[in-house]
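Inspection log for the structure reproduced underneath, given as structure tokens.
The values are calculated or read from the model by the stated rules, or taken from the named source; none is laboratory data. Because the structure is a prediction, the values reported are computed rather than measured. Don't worry about glycine lacking a Cβ; one is built from the backbone with ideal geometry, like all the others, and counts go over all protein chains shown.
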């Protein structure tokens, strides 16, 4: 993958690319990250108030504990994404170590230490927008409704005693196991020798699903 050599700031072209890059960077992060970018231009929460630094470190610590990779300078210290990546490339870095949150590190950085192939779990240094695709938002598939049976009334299994006019109160089986009707739904029509309205009910604590003639 190539390198974007547009210098941050300065010309309008540079500003345009930098703005587009930053927006792409923020959008590439999961929803749990978005409050870190509150108040930053181009972020989803640009209109929100930024977190305090203490709040930021608390959230960063939680994200690290959950297994997320944090870019310390951009995500935790609010540095400009494009400028930060540009300067890393300027120094010859191809990757950046994952952040540690508010934990102090005593590591001494040597020239070229962060060059070469990106180690697993570390951050790729790039100023190319295509390296920051939008974070995939999970879409829960909607199960299409089961079509309602043309006639859901099965055979009569419990006649009302004493018998009511038009057999009101009689209980019938479901003609099919999944007829598309919910508990409490009604059906009106003719089923065999019976005509009227039935209501779908759950008897015996929901174990027995039946149609009860109600009219």
Q | Selection count where residues are in contact with a strand residue (DSSP E or B) (Cβ under 7 Å, 6 or more places away or on another chain) and surrounded by 15 or more Cβ atoms within 10 Å (Cβ to Cβ), scope region 137-184 | A | 13
Q) Of these, 200, 213, which one is without any contact (Cβ under 8 Å) to a residue 60 or more places away in the chain, within 41 Å of the chain's Cα centre (by Cα) and surrounded by 10 or more Cβ atoms within 10 Å (Cβ to Cβ)? A) 200
Q) Conditions: (1) over 23 Å from the mean Cα position of the chain (by Cα); (2) at pLDDT 95 or above; (3) crowded, with 17+ Cβ neighbours inside 10 Å. Residue 70 meets all but one. Number of the miss? A) (1)
Q) Across region 47-72, what is the number of residues that are in a loop (DSSP other than H, G, I, E, B) and over 23 Å from residue 126 (Cα atoms)? A) 7
Q: Count, please, the residues in region 102-119 that happen to be under 20 Å from residue 60 (Cα atoms) and modelled with pLDDT of 90 or more.
A: 0
Q: Test residue 86 against the criterion of being within 41 Å of the chain's Cα centre (by Cα) and either touching a residue at least 60 places away in the same chain (Cβ under 8 Å) or assigned to a strand (DSSP E or B) (or both), and give yes or no.
A: yes
(Q) Being in contact (Cβ under 8 Å) with a residue 60 or more places away in the chain, in contact with a helix residue (DSSP H, G or I) (Cβ under 9 Å, 6 or more places away or on another chain) and within 20 Å of residue 133 (Cα to Cα): is that true of residue 37 here? (A) no
